[in-house]
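Read through the structure below, which is laid out as structure tokens, and then see the notes.
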Amino acid sequence: MIKKREFISFSGSCPYDCKHCYTFHCAQNSGFKEDDITRLSKSILGKDFDIVYVSGHKENFVNPDVGIDLCEKLFVEHSCHIFAITRNVFTDSQVERLRELSSLMQARGKKLFVAVSISALESAAIVENTENLPTPLERINFLKRLYEAGILNILLLRPLFNNNIIPISETMKIVDLLQSNVSCVVASGLAVNDGILSKMGIPSEAFRYAAINSSEYLNGAIVGDNKLVDITEEYSKLEKKCKQYGLPLFSHSMEAANWIADSQLIEVSA
Ligand code: SF4
């Protein structure tokens, strides 16, 4: 079972500058840069973990080759499972690099999970600065290419909004488009603070909030006070949609990683 995780992330401001981003606000220019792969990898030496998330303070695959270099280094030095998260899309040769790494890891009993975040289709501009990053449809196509390459891919529907702001029907359309091309789906709700609300230009009263501010899935990525939006109704609709396709839906990425690892869904060709 995959139990303990560590986060590894380049630092500095994220060029994507998403409006909902909580990690962006805590990004400090306090250490690692893209050329510090060796130092980043060494920073978790001696720690107790099963999986390393290449995720945290910023998008780590702005230059996908640099992010893949980091993943390769992590596997060489730690022989661990790796969970890479991105909002970017990769070229065919970069997908091939991932396939080779995935294949090598698989041969040694480890897994490479590649999760692609998509928050909306037509309403993407509510959550992202759309001129900064690939369109949702380009990311959907990227997920399909990962799947075709035999890479363990995960659709990250994050963050979910209340239906009055981003209709859940829009999110369910993403599932329709990817029903046969992803290993599973992970979805969780938006967390907001005054800065995020102001960046999105949405008043606090527009949201319903969770009674219990449980945000374990954000541990390691978030600082400060943030209120969790209550997406119970939206999640339940999404659950029905995923069930319709026999597609597992999880609220935590670790559950998804364990489910994939247990079910051995995809055999990566050597
Ligand atoms: S890509 Fe990720 S880290 Fe960068 S701004 Fe968007 S949500 Fe934040």
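The values are calculated or read from the model by the stated rules, or taken from the named source; none is laboratory data. Here the structure is a predicted model, which is why all the values come from computation and not from measurement. Glycine also receives a Cβ, built like all others from the backbone with ideal geometry; neighbour counts cover every protein chain displayed.
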- Item | Candidate set: region 73-89, residues that are surrounded by fewer than 18 Cβ atoms within 10 Å (Cβ to Cβ) and touching a residue at least 24 places away in the same chain (Cβ under 8 Å); chosen: the one farthest from residue 115 (Cα to Cα) | 77
- For residue 112, indicate whether it is modelled with pLDDT of 95 or more, hydrophobic (A, V, I, L, M, F, W, C), within 16 Å of the ligand (Cβ to nearest atom) and farther than 23 Å from residue 226 by Cβ. no
- Message: Go through (1) within 30 Å of residue 190 (Cα to Cα); (2) touching a strand residue (DSSP E or B) at 6+ places or on another chain (Cβ under 6 Å); (3) at pLDDT 95 or above for residue 134 and report which single condition fails.
- Response: (2)
- Message: Report every pair of residues separated by at least 6 positions or lying on different chains whose Cβ atoms are under 7 Å apart, first residue within region 114-134 and under 20 Å from residue 84 (Cα atoms) and of a type outside the set (Gly, Ala, Ser), second away from the ligand (no atom under 13 Å from the Cβ) and assigned to a helix (DSSP H, G or I).
- Response: 114/98; 114/146; 116/142; 116/143; 118/136; 118/140; 118/174
- Message: Can you find, within region 161-171, the residue that is nearest to residue 250 (Cα to Cα) among those that are of a type in the set (A, V, I, L, M, F, W, C) and surrounded by fewer than 22 Cβ atoms within 10 Å (Cβ to Cβ)?
- Response: 168
- Among the residues of region 148-161, write down those that are in contact (Cβ under 8 Å) with a residue 40 or more places away in the chain, not aliphatic (A, V, I, L, M) and not in a strand (DSSP E or B). 150, 161
- Message: Being in contact with a Cys (Cβ under 6 Å, 6 or more places away or on another chain) and crowded, with 16+ Cβ neighbours inside 10 Å is the requirement here; does residue 118 meet it?
- Response: no
- Query: Could you list, in sequence order, the residues of region 115-147 that are in a loop (DSSP other than H, G, I, E, B) and closer than 19 Å to residue 238 by Cα?
  - Reply: 118, 119, 120, 121, 122, 123
